[in-house]
1. Between the helical axis of 201-210 and the dominant principal axis of the chain, each derived from Cα atoms, what acute angle in degrees is found, rounded to the nearest 10?
2. Using the Cα centre of the stretch 67-210 as the reference point, and only Cβ charges (+1 on K/R, -1 on D/E), how large is the resulting charge dipole? Debye, rounded to the nearest 20.
3. Please report the orientation-averaged projected area of the stretch 152-306, defined via the convex hull of its C-alpha atoms, in nm².
4. Given the options Met1, Asn127, Gly284, identify the residue whose Cα lies farthest towards the positive end of the charge dipole of the chain (+1 on Cβ of Lys, Arg; -1 on Cβ of Asp, Glu).
5. List the aspartates and glutamates whose Cα lies under 15 Å from the Cα of Lys275, skipping any in the same chain that are fewer than 8 positions away.
6. If the limit is 28 Å between Cα atoms, which of Lys111/Lys238; Lys208/Lys257; Lys76/Lys111; Lys234/Lys304; Lys165/Lys229; Lys289/Lys340 go over it?
7. Going by alpha carbons, how many degrees (0 to 90, nearest 10) lie between the helix axis of 151-162 and the longest principal axis of the chain?
8. Taking a temperature of 37 °C and a viscosity of 0.692 mPa s, what whole-number D in µm²/s does Stokes-Einstein yield for the stretch 1-93 with Rh from Kirkwood over alpha carbon pairs?
Amino acid sequence: MKAFVMKKIGETGWVEKPVPKCSPMGALLKPIALAPCTSDVHTVWEGAVGERTDLTLGHEGVGEIIEVGPLVKDFKPGDKVIVPAITPDWNSLEAQAGFSMHSGGMLGGWKFSNIADGLFSEVFHVNDADGNLALLPEGVDPAAATMLSDMVPTGFHASELADVKYGDTVCVIGIGPVGLMAVAGAVLRGASHVFAVGTRPNCVQVAKEYGATDIISYKEGSIDSQVLKKTGGKGVDKVLIAGGNCDTFAEAVRMLKPGGAIGNVNYLGEGEYIKIPRAAWGVGMGHKKIVGGLMPGGRLRMEKLVSLLVTGRLDTSKLITHRLQGLESIEAALMLMKDKPRDLIKPIVLL
């Protein structure tokens, strides 16, 4: 079968691979809709998780099951399913401790395009099918559902990490697709004022549609000084980081109220250390919490998120700016994520 892979750091390409074998609790799928991610860019061109050789890329998609293992109870060939980016081993000790995304070790639940072949191939394998797959409801657009693989749960997890509550004032740093879902998630959890940091016109417009009350441009000065000015020097209750770099944390700490929290879901692809400003952190005693986490995966989360689409609580189609056709278009879609033209939010490949 054909597979689109990371050949080595800085190089991608198509290779022939054998069709994977189905594990007893797993499933084999053919893709229906696929999307590349900025994480793929960090992995390939920044070498963020180290060298990988001929590793199939991709971790966002909707597929049709073609085979299930003998121990799979709830799915069968022909089922159309949503595939989460994070597919934990649900019988692991880490999952029992409440951190399924780290099953088998830190970030161990992130298998696709990290420690196992991903989705960008004619056939792909999903571990623990009963625990990780979710049926695609009738009438739900597979393209819109593909945003549930990663963009929605990652963006929403920022609010979970920071524990956004109703009436909170929130700043979302970075309004690419994950940041836009961080805006939507904060609003769904009851945030009042939502400051969204970004400059691309289409992202700004969609951020407003998802509920951002104020737009902050990093081109007009430091983010924290602008937020502090708009809040009368008080700062915000919560900061959700979905973009930037290791230096972004300093600005987040400076704009955060004592007792506030920072939820980071940004994949830090380079840099060795994160610096925290001593005085702004209350010389270590400001009760300013910093939490970074990989999104939870699994079937239950996918089922809950897709119910938001079914009921009209969330419209993920706003994220999709480019629609391509055919598996061979994966390479072009990934390059869009790498080059980020100004009209891009998220590309989708339909098969």
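Coordinate-derived values only; no laboratory data. Since we're looking at a predicted model, the values are computed, not measured. Virtual Cβ from ideal backbone geometry, glycine too; neighbours counted across all protein chains shown.
1. Approximately 90 degrees, to the nearest ten.
2. For the stretch 67-210, the charge dipole is close to 460 debye.
3. 9.0
4. Gly284
5. Reachable aspartates and glutamates: Asp247, Glu251.
6. Flagged as over cut-off: Lys111/Lys238; Lys234/Lys304; Lys289/Lys340.
7. 40
8. In µm²/s, the coefficient rounds to 222.
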